[in-house]
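The values are calculated or read from the model by the stated rules, or taken from the named source; none is laboratory data. All values reported here derive from a predicted model rather than from experimental measurement. Cβ placement follows ideal geometry from the backbone for every residue including glycine, while neighbour counts extend to all protein chains displayed.
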Amino acid sequence: MSGAVRTRLGPVDQIPLGEGRAFLVGDEPVAVFRPRSGGLHALRATCPHRGGPLADGLVDADLVMCPLHNHQFRLATGECVSGGGVDDVAAYTATDEDGELVVSLVARRAGCTLVPSDELLLQATAFADAVSAPAAGDDLSAPVPTCGDWTVRDLAAHLGRVHRRVTATIETGADQMLDRDADVPDGVPPDSRDEVATWLLRGAAALAGTFRASGPDRQVGGFGRPTTVAWWERRQLHETLVHRLDAELAVGLEPLADVAPELAVDGIAEWYDLLTDFRSGSRRVRGSGETIHLHVTDAPDGEWLIRRGPEGVTITREHVKADVAVRGRAVDLLAVVTGRAELGHVEVFGDPAVAQDWFRVSALG
Ligand code: FES
């Protein structure tokens, strides 16, 4: 895979627990931290206050304190939490791959305000990382248990082609999304695994570039009817996020490890927006008055009430007692809602059969 995106930096244990170390990744000085509580984090190594060496700072579970004037930055996002008008610092992705330190130089943002194109690139990078994992197999033939009989290669080909179909839909002014078999530029993945990862990132970067160049309000072709570029931007972000989850489950990586809960909440919301827009009255999702309450425990606004009536389903964002309540971390709930995980991954209060049936009929494959 391209060294510009992912760089291998030697053994993880060259960084003592509870400390940071500085590396040069291309031209970028990067500080990688290994908190005692676990995990790896990477930030731009130069303090935005007056250039102090962040890699030499004091590290706790969530923060690093610059050794020069004690400004503090979140390890996960680079957000400056000590005030004083000091800028945030760029945060990158650092992972432990079988004891080897790998840094991805796609910047994460401080704070959690979603910028869909940026998030799309982050999720595509994580997807490509999973495709590059040894467990995917040299020929990418590892099965993807959450996607029927697909292999990792099938999944990568699907996601790379979806990105290109949406790019071509917008760029050609088609009145609806180009169909599955459409002849799109660069639409066939290469044979070699490393080239597949680069091909995926090339397609995601082109898509993000098309979104930015088009502007959010432009009318374009959607699923059988016109939509906006902003709709596609959100749709493709979550398409990429959920397939990243598939790929990580397939190769044994911890799923969605660095995903902000707010992003997963938006993933659930978008999933249910699709359901209510396109099939709220379908026989499959109708019911006889059952109610299901979903509650995310690690982010605000993560509550839904689902009412399955004989005429169709309604989904509202509210906290109301229901036949069954399902609670969990946002990423775990996203996995359950999208049919990627069983109910055992979350807490269930009330009749589990009601929840089970809802997730069965509402997971769109
Ligand atoms: S240089 Fe880092 S706090 Fe001043």
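Out of the residues in region 331-345 that are at pLDDT 95 or above and in contact with a strand residue (DSSP E or B) (Cβ under 8 Å, 6 or more places away or on another chain), state the one that is nearest to Tyr272 (Cα to Cα). Within region 331-345, the match that is nearest to Tyr272 (Cα to Cα) is Val337.
Listed conditions (1) away from the ligand (no atom under 12 Å from the Cβ); (2) surrounded by fewer than 19 Cβ atoms within 10 Å (Cβ to Cβ); (3) of a type in the set (Lys, Arg) are all met by Arg74, apart from (2). Among residues of region 71-90 that are under 14 Å from Val59 (Cα atoms), those with a Cβ under 9 angstrom from a residue that is within 11 Å of the ligand (Cβ to nearest atom) and hydroxyl-bearing (Ser, Thr, Tyr), sequence gap 6+ or separate chain, pair up as His71/Ser82; Gln72/Ser82; Phe73/Ser82. Considering region 346-365, and only residues there that are under 18 Å from Glu270 (Cβ atoms) and out of contact with any strand residue (DSSP E or B) (no Cβ under 9 Å at 6 or more places or on another chain), the residue that is modelled with the highest pLDDT turns out to be Ala363. Just to be sure, is Leu294 under 23 Å from His238 (Cβ atoms) and assigned to a strand (DSSP E or B)? Yes, satisfied.
Only residues that are β-branched (Val, Ile, Thr) and within 30 Å of Leu253 (Cα to Cα) were counted across region 139-190, and they come to 8. When Val103 is tested against (1) within 16 Å of the ligand (Cβ to nearest atom); (2) out of contact with any helix residue (DSSP H, G or I) (no Cβ under 9 Å at 6 or more places or on another chain), just one condition goes unmet, and that condition is (1). Do we find a residue being within 15 Å of the ligand (Cβ to nearest atom) and at negative phi anywhere in region 11-28? Yes; the residues of region 11-28 include at least one that is within 15 Å of the ligand (Cβ to nearest atom) and at negative phi.
Is it fair to say Ala174 is out of contact with any strand residue (DSSP E or B) (no Cβ under 8 Å at 6 or more places or on another chain) and of a type in the set (Gly, Ala, Ser)? No; evaluated as a whole, the condition is false for this residue.
Conditions tested, residue by residue: (1) part of a helix (DSSP H, G or I); (2) in contact (Cβ under 8 Å) with a residue 40 or more places away in the chain; (3) touching a Gly at 6+ places or on another chain (Cβ under 7 Å).
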residue: Asp258; (1), (2), (3): no, yes, no
residue: Ala264; (1), (2), (3): yes, yes, no
residue: Trp271; (1), (2), (3): yes, yes, no
residue: Leu274; (1), (2), (3): yes, yes, no
residue: Trp304; (1), (2), (3): no, no, no
residue: Glu318; (1), (2), (3): no, no, no
residue: Arg327; (1), (2), (3): no, no, no
residue: Leu334; (1), (2), (3): yes, yes, yes
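Would you be able to say whether some residue in region 3-17 is in a loop (DSSP other than H, G, I, E, B), surrounded by fewer than 20 Cβ atoms within 10 Å (Cβ to Cβ), acidic (Asp, Glu) and not assigned by TED's automatic domain parsing to the domain that holds Ala124? Scanning region 3-17, I find no residue that is in a loop (DSSP other than H, G, I, E, B), surrounded by fewer than 20 Cβ atoms within 10 Å (Cβ to Cβ), acidic (Asp, Glu) and not assigned by TED's automatic domain parsing to the domain that holds Ala124, so the answer is no.
Scanning region 221-257 for residues that are among the β-branched types (Val, Ile, Thr) and at pLDDT 95 or above yields a count of 3. The residues of region 287-302 that are more than 20 Å from the chain's Cα centre (by Cα) and surrounded by fewer than 16 Cβ atoms within 10 Å (Cβ to Cβ), listed by number, are Ser288, Gly289. Hey, could you check region 77-96 for residues that are within 9 Å of the ligand (Cβ to nearest atom) and surrounded by fewer than 18 Cβ atoms within 10 Å (Cβ to Cβ) and say which is nearest to Glu19 (Cα to Cα)? It comes out as Ser82. Within region 203-220, does at least one residue satisfy the condition of being assigned by TED's automatic domain parsing to the domain that holds Gly148, surrounded by 17 or more Cβ atoms within 10 Å (Cβ to Cβ), of a type in the set (Gly, Ala, Ser) and not in a helix (DSSP H, G or I)? Looking through region 203-220, none of the residues is assigned by TED's automatic domain parsing to the domain that holds Gly148, surrounded by 17 or more Cβ atoms within 10 Å (Cβ to Cβ), of a type in the set (Gly, Ala, Ser) and not in a helix (DSSP H, G or I). Each residue in region 302-321 was checked for being of a type outside the set (A, V, I, L, M, F, W, C) and under 19 Å from Val348 (Cα atoms), and 8 of them qualify.
Quick check on my filter: what residues within region 31-47 are in a strand (DSSP E or B) and either surrounded by fewer than 19 Cβ atoms within 10 Å (Cβ to Cβ) or within 16 Å of the ligand (Cβ to nearest atom) (or both)? Those that are in a strand (DSSP E or B) and either surrounded by fewer than 19 Cβ atoms within 10 Å (Cβ to Cβ) or within 16 Å of the ligand (Cβ to nearest atom) (or both): Ala31, Phe33, Leu43, Arg44, Thr46.
Within region 48-66, the only residue that satisfies the criterion of being within 10 Å of the ligand (Cβ to nearest atom) and touching an Asp or Glu at 6+ places or on another chain (Cβ under 7 Å) is Pro48.
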